[in-house]
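> Please find one structure pasted underneath; my questions will follow.
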Amino acid sequence: MIYKITQNKADLLAEFKTDILWFGLDKNGKYWLSVRGNGIKCYNDTDFSKQASEIYFDGMDVSSFMIDNENGYWFTTLESGIFYIPDVKVRILKQNDFQNKHITSLAVTPEKLFLGTISGDLIIYNKKSGNQIVARNLFNEDYATNLIYSNNWDKVIIGTNNNVYLYSDVKLKPFKNP
């Protein structure tokens, strides 16, 4: 339970079914609440019945939280140690989506992430929808060694161990005499 104590009065603000592991107010005026098994949630005010503005480490037991002098965010967990996030605007993609893919290169466009793998796959991840497309063995025997997004062309240039391609509208066009 969370109570707000003013003068000689205690008002119940929230009650939870499981243990509260951490509760605190940060230097930016945001409230951070960790309930066992639910990660840590950030609230803009003390109305904990509303949707949290941010949720981190969902499913984990976050035992403590702090912001350091350089505005880095530190989280301790009961099962996985300490985590540091230099900027909370950073989003963590589900590790299972890319586990064992041996990613060799990355390019970021306004809407998508492009990831090249050692096995020749090109993974395109839509940042808004969270959907991903995996193009298997796209480069035959090649693998992407470098992915570059060109703002001028609004296209991705793909360098492999044997060639250079231009990715445009779900097509690969090899450069002539790369």
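> If you take the Cα atoms of the chain, find Rg, then find the Kirkwood Rh from the mean of 1/r over all pairs, what is Rg/Rh?
On the way: Rg = 22.4 Å, Rh = 19.5 Å.
That ratio is 1.15, to two decimals.
> Now a separate question. With the cut-off at 24 Å, tell me which of the pairs K30/K50; K89/K171; K30/K128 have Cα atoms farther apart than that. Intermediate values should be presented prior to the final figure.
On the way: K30/K50 14 Å; K89/K171 32 Å; K30/K128 26 Å.
Distance filter (> 24 Å) returns K89/K171; K30/K128.
> Along Cα→Cβ, 7 Å out, is where each label goes; now give me the distance between the ones at T109 and D154 in nm to one decimal.
The two pseudo-label positions are separated by 0.9 nm.
> Next question. Taking only DSSP H segments of four or more residues, each worth -39500 (n - 2.57), what value at 222 nm results for the chain once the sum is divided by all its residues, to the nearest 500 deg cm²/dmol?
Details: 1 runs with 4 residues, N = 178.
Dividing the helical sum by the residues of the chain leaves -500 deg cm²/dmol.
> Taking 0.36 nm per residue of separation and subtracting the Cα-Cα distance, what length does fully extending I85 through T18 add? Can you show the working numbers first?
Values: separation 67, 0.36 × 67 = 24.12 nm, distance 2.64 nm.
Stretched out fully, the I85 to T18 stretch lengthens by 21.5 nm.
> May I ask you to give the solvent-accessible area per residue for the stretch 1-128, in square angstrom, as obtained with a 1.4 angstrom probe? Display every interim value, and only then the final one.
Working: 8230 Å² over 128 residues.
Here the per-residue accessible area is 64 Å².
> Could you derive backbone 3J(HN,Hα) for the stretch 31-40 from the dihedral phi with the Karplus parameters 6.51, -1.76 and 1.60 (θ = phi - 60°), listing whole Hz in sequence and x where the residue is Gly or Pro?
My calculation for the stretch 31-40 gives 9, 10, 9, 10, 10, 2, x, 10, x, 10 Hz in order.
> Please report the projected area of the stretch 1-90's Cα convex hull averaged over all directions, in nm².
On the way: hull surface 25.5 nm².
So the mean shadow area of the Cα hull is 6.4 nm².
> To the nearest 10 square angstrom, what accessible area does F23 show with a 1.4 Å probe?
Ignoring ligands and nucleic acids, F23 comes out at about 80 Å².
> Leaving ligands and nucleic acids out of the surface, order E70, E79, E15 by accessible area at 1.4 Å, largest first.
Putting E70, E79, E15 in descending order of accessible area: E70, E15, E79.
> For the stretch 126-132, what does the Karplus curve 6.51 cos²θ - 1.76 cosθ + 1.60, with θ = phi - 60°, yield as ³J(HN,Hα) per residue in whole Hz, taken in order and with x for Gly and Pro?
7, 5, 7, 8, x, 6, 9
> In the stretch 1-79, which trypsin sites (Lys or Arg not before Pro) fall in coil by DSSP and have 12 or fewer other Cβ atoms within 10 Å?
Working: sites: K4, K9, K17, K27, K30, R36, K41, K50; in loops: K17, K27, K30, R36, K50.
Loop-located and lightly packed - K17, K27, K50.
> Next question. At 7 Å along the Cα-to-beta-carbon direction for both L172 and N146, put a label point, then send me their distance in nm to one decimal.
1.8 nm
> Label 7 Å along Cα→Cβ of K9; the stretch 15-47 residues with amide nitrogen under 20 Å?
15, 46-47, by backbone N distance to the label point.
> Something else about it: What is the extension gain from N69 to E54, computed as 0.36 nm multiplied by their sequence separation minus the C-alpha to C-alpha distance, in nm to one decimal? Numbers along the way, then the final one.
On the way: separation 15, 0.36 × 15 = 5.40 nm, distance 2.12 nm.
Here the answer is 3.3 nm.
The values are calculated or read from the model by the stated rules, or taken from the named source; none is laboratory data. These numbers were taken from a predicted model, which means no experiment stands behind them. A quick note on method: Cβ atoms are made from the backbone with ideal geometry, for glycine too, and the neighbour counts reach across all protein chains shown. Only protein heavy atoms, including side chains, enter the accessible area calculation; ligands, DNA and RNA are left aside. Shrake-Rupley method; radii C 1.70, N 1.55, O 1.52, S 1.80 Å.
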